[in-house]
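Novice: Here you go, one structure.
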Amino acid sequence: MSEHTAQPGTPPWAAWLAHQALPLWSSAGYDPTRHLYHERLAFDATPLPLPHLRLMVQARQIATFCQARLDGVFNAADNALHALATVQARYWQADGQPGWVFAIGPDGRPSSTVRDLYAHAFILFAYAWAYRLSGEPALLAVAQKTALEVEGIFHAPHGGFADAVPAPDATRRQNPHMHLLEAYLALFEATADQFYLDRAQSLVALARERFISPRSGLLLEFFGPNWTPCHAYGQNPVEPGHLFEWAWLLGTYTRLNPTDKAVTALRHVAEHLYQSGRRHGVTHQLVRDGMMDDGTLTQTGTRIWPQTELLRLLACRQAEGGSTAEDSRLQTDLTRLFFADFAPAHLRGGWIDRMGPDGTPAVDHMPASSLYHIYGAAKAHLPPPEHA
């Protein structure tokens, strides 16, 4: 159990995290024999065995439990740091080549030796939070070596990086770059090392120049090898959840690098992403799964992670004094829907990850990977930790 327990009358996020979600995912969600996290739980909290344990999931759980300890919410950090040591031993250069393997199998050996940019972003994110918690210099050494490996392994023309090596196709995607930016910002905040801020600045510039359509001002998902959109205007997918996620990231970047000459422009970009996502991607107080770059809504199902990205952004806007009455109403309504529909009481800290267009569950299990998104939203709603 937690060393830090929520007191009666605390906000729903604090009590739910401390007494339900984090206890569940640090006990039923953790394998003490392997010192690794389970990828999935059944709705009765039974672990569901899978042929692969992905690096990304391990990294997300490690980062989340390190944050929870730092935030004074819940203490399962020893397991998280033990898991990180296991992950480093099992995934890093496990086939004798630079970088981190994508997944290991039940025998602890690599089951996929693909080098995946998205997964590398998250292991960097995990090291940022583990270092912030422990202060162990060896963690920083691994993070910097990994950052240099990223530049060597995933180097690609026209800026940015390849999605994976070997590449699955010729498509380039914004999503792994978004999480790499998040990792570099976390590392910079943990270390004040210009090495990470420089790399974050390059990714922000890439987003402005390549990811955001000059016609619509929306962030596109998929591109050709030279970063041209894959389709004509009106046919390029946009994910509303990523609009909110990028708006938050750009806000974080401008907070950490206020002397960047592009700060004013970046704040305008972030506001446009937020307003566009609200206008086109939210119906009946829920973030929908997908739309096109002309604003046409195309996927009306809902997943839990876009809700959390909007909730985090709304909480940050409120904290910064930029929240409108409409924002506040949406924040209240979406919080209510989150706990009523996505994280109902009978799941005791678990969640329904995906709903169909009719609002009924579209999954039969609980993926561990969602905890990272949920904690991000919850953290924005918590009071600052006492040591801050």
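Novice: Run the 1.4 Å probe and let me know the accessible area of residue 91, rounded to the nearest 10 Å².
Specialist: 0
Novice: While we're on this one: Rounded to the nearest 0.05, what FRET efficiency do residue 20 and residue 145 give with R0 = 30 Å and r taken as the Cβ-Cβ distance? Could you check? Don't jump to the answer; show the numbers that get you there.
Specialist: On the way: r = 38 Å, r/R0 = 1.26.
Given R0 = 30 Å and the Cβ-Cβ separation, E is 0.20.
Novice: If you don't mind, another one. Taking a point 7 angstrom from the Cα of residue 299 along the C-beta vector, which residues in segment 176-208 have backbone N less than 16 Å away?
Specialist: 176
Novice: When the convex hull of the C-alpha atoms of segment 64-140 is computed, what volume per residue in Å³ does it have? Write out the running numbers ahead of the final one.
Specialist: Numbers: hull volume 7.1 nm³, N = 77.
Each residue corresponds to 93 Å³ of Cα convex hull volume.
Novice: Could you calculate the contour length gain from residue 45 to residue 346, that is, 0.36 nm times the residue separation minus the distance between their Cα atoms, to one decimal place in nm? Working shown, then result.
Specialist: Numbers: separation 301, 0.36 × 301 = 108.36 nm, distance 1.13 nm.
Extending this stretch completely gives an extra 107.2 nm.
Novice: Same structure again: Return one quarter of the surface area of the convex hull spanned by the alpha-carbon atoms of segment 245-388, equal to its mean projected area, in nm².
Specialist: Working: hull surface 40.6 nm².
Computed as one quarter of the Cα hull surface, the answer is 10.2 nm².
Novice: Calculate what fraction, in whole %, of the accessible area of the chain sits on carbon and sulfur atoms when a 1.4 Å probe is rolled over the protein chains. Intermediate results must be reported in sequence, preceding the final value.
Specialist: Values: 8500 of 16060 Å².
Its accessible area is 53 percent carbon and sulfur atoms.
Novice: Projecting each Cα onto the charge dipole of segment 288-355 (Lys/Arg +1, Asp/Glu -1 at the beta carbon, about the Cα centre), which of 325, 335, 297 comes out farthest on the positive side?
Specialist: Comparing the listed Cα positions along the dipole, 335 ranks first.
Novice: Starting from the Cα of residue 169, step 7 Å along the direction of its Cβ; do the same at residue 33; then give the gap between the two resulting points in nm.
Specialist: Placing both labels 7 Å beyond Cα along the Cβ direction yields 3.9 nm.
Novice: Charges only on Cβ, +1 for Lys and Arg, -1 for Asp and Glu: so what's the dipole of the chain about the Cα centre, in debye to the nearest 20? Kindly include the intermediate steps, with their values, before the conclusion.
Specialist: Working: 30 positive and 37 negative charges, 42 e Å.
So the dipole magnitude of the chain works out to roughly 200 debye.
Novice: Per residue, how much accessible surface does the chain expose to a 1.4 Å probe? Answer in Å², no decimals. Walk me through the numbers before you get to the answer.
Specialist: On the way: 16060 Å² over 388 residues.
For the chain, the solvent-accessible area averages 41 Å² per residue.
The values are calculated or read from the model by the stated rules, or taken from the named source; none is laboratory data. What you see is a predicted model, and the numbers here were worked out from it, not measured in a lab. Here the Cβ is made from the backbone with ideal geometry for all residues, glycine too, and neighbour counts use every protein chain on show. For the accessible areas, the whole protein counts, side chains as well, though only heavy atoms, and no ligand, DNA or RNA atoms are used. Shrake-Rupley method; radii C 1.70, N 1.55, O 1.52, S 1.80 Å.
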